[in-house]
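Engineer: The structure under discussion is supplied below as structure tokens; questions concerning it will follow.
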């Protein structure tokens, strides 16, 4: 996946999905990318479920549990 693909994507949800995928692909060599991917996932949830803090909390809890194993 190239950064150009993300930059040229017009749909904000698709762009965030691409950013999450980009960061997840990098997790294997840098643990910090797990946190970055998590933040992009939260941004994606905010775009998908506008102003729904319960969905955000649910996703963040999942991400925290996943990062404990990285």
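Throughout, read-outs are computed from the coordinates displayed, never taken from laboratory work. Source: prediction; values computed, not measured. Using ideal geometry, Cβ is built from the backbone for each residue, glycine included, and neighbour counts are taken over all protein chains shown.
Engineer: What FRET efficiency comes out for the pair residue 52/residue 5, r = Cβ-Cβ distance, R0 = 22 Å, nearest 0.05?
Structural biologist: Values: r = 28 Å, r/R0 = 1.28.
For R0 = 22 Å, the calculated efficiency reads 0.20.
Engineer: Could you pull the Cα extents of region 3-67 along its three principal axes, largest to smallest, in whole Å?
Structural biologist: 33, 29, 10
Engineer: Kindly put 40, 49 in sequence by how many other C-beta atoms sit within 10 Å of each C-beta, fewest to most. Each step should come with its number before you reach the end.
Structural biologist: Working: 40 20, 49 14.
Fewest-to-most Cβ neighbours within 10 Å comes out as 49, 40.
Engineer: Now, a different point. To the nearest 0.05, how large is the calculated FRET efficiency for residue 60 and residue 25 if R₀ is 35 Å and r is the Cβ-Cβ distance?
Structural biologist: On the way: r = 21 Å, r/R0 = 0.61.
The calculated FRET efficiency here is 0.95.
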